[in-house]
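S.K.: Can you keep this structure in mind? I'll have questions shortly.
Just so it is clear, none of the values below were taken in a lab; they were calculated from the coordinates. Since the structure is predicted, the reported quantities are computational estimates derived from the model, not experimental observations. Cβ placement follows ideal geometry from the backbone for every residue including glycine, while neighbour counts extend to all protein chains displayed.
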Amino acid sequence: MKTARTNAAKDLYKQLRCLTWEQLWMKHVQAFTQGDQTFRSQNAGLVRAVGVVFSESGPNSQKNDVATWLRSLLQDSDEKIRRYAMAALPKIGAEAADEEALLEVLRKANPPEREKKYLARALDKIGGKATLEVVGGLPGQTVLKVKASLAREEAPSEIRLDESVDVFSGLQIHLRGRRGLERFVRQELEASPQARRLFEFRNSRPGLVEIAPQSDFRLSDLLSLRCFGTLAFVLGTISKTDAAEIAALLTVLPVRALLKRLTQGAIRYRLEFPSLGHQRGLVRDIANRAYALCPDLLNDARSAPWAVEIHPYGSQFSVELRPRFSPDPRFSYRRLDVPAASHPPLAASMARLAGNSGSDVVWDPFCGSGVELIERGLLGGVRKLLGSDRSGEAIDIAKANFAASSLRVEADFMHGDFRSARVSSSSITQIISNPPMGRRVPIPNLEGLISDFLYTAAKVLQPGGVLVFANPLATRSSTPGLKLDMTQRIDLGGFDVQLERHIKHHR
């Protein structure tokens, strides 16, 4: 009988869920309110529908009336109606009065465990200081979520970039990025006297470079490197995704000290399994165990400054603590963007691959948002930057980003096809470009486009000049005047291309 009633409530919910808010509120809610207890029990699915439909299309002017109605149902004699009302209140944007009504149920009665779970779930979302005062009647997970929510609202946390990190035994750092860029990350590290003094290269795997600090350092020291995507402190490796092991690694004294030193405000983190999906049950278990071991660490999926990531690592898993920068301070000039814009660490790698003659004139025939040109300008040794693009919007965006970069370099952005751009023969020392790949926007003749691009490059480059570009074609065609000097297969976000460097022949 219970299963039949549950199915009936679900079926009714599915029917009512498709109605407009006006139909639901004016017709069905009124009938529900006027009906006797038997009628209301038979139509419990309506309560669930009200929370969902109002959250999607209900007018704000009716919010108080809806909240008052739902609060009244918290005292209904039907347990299912009470539970559905508890679940609906957070969906409509509940306030202090709704929190108090939920707490009143907890104070006055001794609800059964199932109902208490619904109370806790609702308070997870809308609980505040009043909820923490009745901590004895609520699970630790609810207390954790409420504390995280209050911390987020009252004192948003930030990462301290210039605080010194005290190196402890065994500390390692993982620099992750697009597969194929590992060589550029290592080269950049070893080319920087300061970075080479502070960090030692240990190993590399596809998409990963492993380094170890040699002395105390700051996060800003790591962020002087531009060819990697994200950085993370390695907390340890585990043979399986065990909640107890992960919680223990997160709460050992050196890690807690590191988090406290590098965090301004409450220490909030989110758990992520990049290759395993959401893992909600495991996340809940880890968060509860970590909170029990160290109540200062608050799991929070919303805007947390830290992420604890579990990555496959050979036959094991690597548990890593990653600072979440948004935006990445290295690329703060990116005020605007275009579809399929270049990944900044890739642009930085391409700029380094092009080299530096000390007085370069650099052209990007497909400049998009201007990232390749800006990254090359930031390396120095540039006399002039030239960008062209068929999109007028892209040119405007590239100009805005260039202005935000504060580069003191002459720059000229031209709207139009590269084949008709105002670029003289033998006037360019470097071409750095990430041309259209034909993935998002179909290109009728991609091979013809790339062929024209290479022909134009051979024409405008000075003898000894350099062309660096991401080649979207599986086969390479030789172009008179250009010699392929280097090639590297890289991941461009779901598909591979060849990053190539060509040199213009000396005559």
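S.K.: Which of the aspartates and glutamates could be linked to Lys399 by a straight reach, that is with a Cα gap under 19 Å, when you skip same-chain ones fewer than 8 residues away?
M.R.: Asp337, Asp364, Glu372, Glu375, Asp389, Glu410, Asp412, Asp417
S.K.: Shape verdict for the range 333-504, please, from the Cα gyration tensor: rounded (a/c under 1.5), prolate (a/b greater than b/c) or oblate.
M.R.: rounded
S.K.: Still on this model: Counting Lys and Arg as +1 and Asp and Glu as -1, what is the net charge of the other residues whose Cβ lies under 13 Å from the Cβ of Val423? Working shown, then result.
M.R.: Working: positive: Lys384, Arg419, Arg422, Lys459; negative: Asp364, Asp412, Asp417.
Charge balance in the 13 Å sphere: +1.
S.K.: Follow-up question, since we're still on this one. Got the relative contact order for the chain handy, in percent, Cα pairs under 8 Å and 6 or more residues apart?
M.R.: Numbers: 883 pairs, mean separation 45.9, N = 507.
After rounding, I find 9 percent.
S.K.: Check which residues have an amide H placed less than 5 Å from Ala304's amide H, if you skip close sequence neighbours.
M.R.: The list, which skips near neighbours in sequence, is empty: none.
S.K.: Residue by residue through the range 230-238, what is 3J(HN,Hα) from phi via Karplus (6.51 cos²θ - 1.76 cosθ + 1.60, θ = phi - 60°)? Round to whole Hz and write x for glycine and proline.
M.R.: My calculation for the range 230-238 gives 10, 10, 8, 7, 7, 7, x, 10, 9 Hz in order.
S.K.: Could I ask something else about it? Distance from the Cα centre of the range 453-506 to that of the range 121-192, in angstrom?
M.R.: Comparing the Cα centres of the range 453-506 and the range 121-192, I get a distance of 42 Å.
S.K.: Which of His278, His174 has the fewest other C-beta atoms within 10 Å, and how do the rest follow up to the most? Mind showing how you got there, number by number?
M.R.: Values: His278 10, His174 24.
Exposure proxy ranking, most exposed first: His278, His174.
S.K.: Under the rule of at least 5 residues apart or a separate chain, name every residue whose amide H is placed under 5 Å from the amide H of Ile431.
M.R.: Trp363, Val466, Leu467, Val468
S.K.: Another question about this same structure. Can you give me the long-range amide H partners of Arg205? Hydrogens built in the peptide plane at 1.01 Å from N, cutoff under 5 Å, separation of 5 or more residues or another chain.
M.R.: Glu210
S.K.: Around Gly380, what is the net charge, scoring Lys/Arg as +1 and Asp/Glu as -1 over all other residues with Cβ under 15 Å from its Cβ? Write out the running numbers ahead of the final one.
M.R.: On the way: positive: Arg226, Arg352, Arg376, Arg383, Lys384, Arg408; negative: Glu188, Asp360, Glu375, Glu410.
With Lys, Arg at +1 and Asp, Glu at -1, the neighbours total +2.
S.K.: Next up: Calculate how large, on average over all directions, the projected area of the Cα convex hull of the chain is; give the answer in nm² to one decimal.
M.R.: Working: hull surface 118.0 nm².
Seen from a random direction, the Cα hull of the chain projects 29.5 nm² on average.
S.K.: Shifting gears a bit: Can you give me the Kirkwood hydrodynamic radius for the range 2-138, using every pair of distinct Cα atoms, in Å to one decimal?
M.R.: On the way: mean 1/r = 0.0660 Å⁻¹.
Across the range 2-138, the inverse of the average 1/r is 15.1 Å.
S.K.: Another question about this same structure. How high is the relative contact order of the range 434-507, in percent, with contacts defined as C-alpha pairs under 8 Å that are six or more residues apart?
M.R.: Numbers: 99 pairs, mean separation 25.3, N = 74.
Reported relative contact order: 34 percent.
S.K.: Shifting gears a bit: So in the chain, what percent of DSSP beta bridges are antiparallel if you round to the nearest 5? Kindly include the intermediate steps, with their values, before the conclusion.
M.R.: Details: 47 of 72 bridges.
Among the beta bridges of the chain, antiparallel pairing accounts for roughly 65 percent.
S.K.: Cut-off under 22 Å on the C-alpha distance; same-chain residues fewer than 8 positions from Lys10 excluded. Which lysines are left, in chain and number order?
M.R.: Counting by Cα, and skipping residues close in sequence, Lys10 has these lysines nearby: Lys2, Lys27, Lys80, Lys91, Lys116, Lys117.
S.K.: Round to the nearest 0.05 the FRET efficiency obtained for Asp36 and Val134 when R0 = 41 Å and r is the Cβ-Cβ distance. Present the calculation step by step, with values, prior to reporting the outcome.
M.R.: Working: r = 34 Å, r/R0 = 0.83.
With R0 = 41 Å, the Cβ-Cβ based efficiency is 0.75.
S.K.: Below 14 angstrom from the Cβ of Ala191, what's the summed charge of the other residues (Lys, Arg +1; Asp, Glu -1)? All intermediate terms of the calculation are to be shown ahead of the outcome.
M.R.: On the way: positive: Arg183, Arg186, Arg196, Arg197, Arg226, Arg352; negative: Glu188, Glu190.
Surrounding charge for Ala191 is +4.
S.K.: Please rank Thr237, Thr33, Thr251, fewest neighbouring Cβ atoms within 10 Å first, as an exposure proxy. Mind showing how you got there, number by number?
M.R.: Numbers: Thr237 16, Thr33 11, Thr251 19.
With the fewest neighbours first, Thr237, Thr33, Thr251 line up as Thr33, Thr237, Thr251.
S.K.: Per the helix-only calculation at 222 nm, which mean residue ellipticity applies to the chain, given -39500 (n - 2.57) for every DSSP H run of n ≥ 4 and division by its residues, nearest 500 deg cm²/dmol? If you can, show how the numbers build up before the last one.
M.R.: Values: 20 runs with 210 residues, N = 507.
Mean residue ellipticity at 222 nm (helix-derived): -12500 deg cm²/dmol.
S.K.: Would you mind pulling out the separation of the Cα centroids of the range 51-110 and the range 341-393, in Å?
M.R.: The distance from the Cα centre of the range 51-110 to that of the range 341-393 comes to 56 Å.
S.K.: Could you give the longest part of the chain that holds none of the GluC sites (Glu not before Pro) found in DSSP loops with at most 14 neighbouring Cβ atoms within 10 Å? Don't skip to the answer; put the middle values down first.
M.R.: Working: sites that count: Glu95, Glu133.
Formally, the longest exposed-site-free interval is 134-507.
S.K.: Give the shape of the range 417-488 as rounded, prolate or oblate, defined through the alpha-carbon gyration tensor: a ≥ b ≥ c are the square roots of its eigenvalues, a/c under 1.5 means rounded, and otherwise the shape is prolate if a/b is larger than b/c and oblate if not. Intermediate results must be reported in sequence, preceding the final value.
M.R.: Numbers: a/c = 1.95, a/b = 1.35, b/c = 1.44.
Verdict is oblate for the range 417-488.
S.K.: Further, regarding this structure: Under the Karplus relation 6.51 cos²θ - 1.76 cosθ + 1.60, θ = phi - 60°, what is the ordered set of whole-Hz ³J(HN,Hα) values for the range 211-218, x standing for Gly and Pro?
M.R.: Ordered by residue, 3J(HN,Hα) equals 10, 10, x, 9, 7, 4, 8, 10 Hz.
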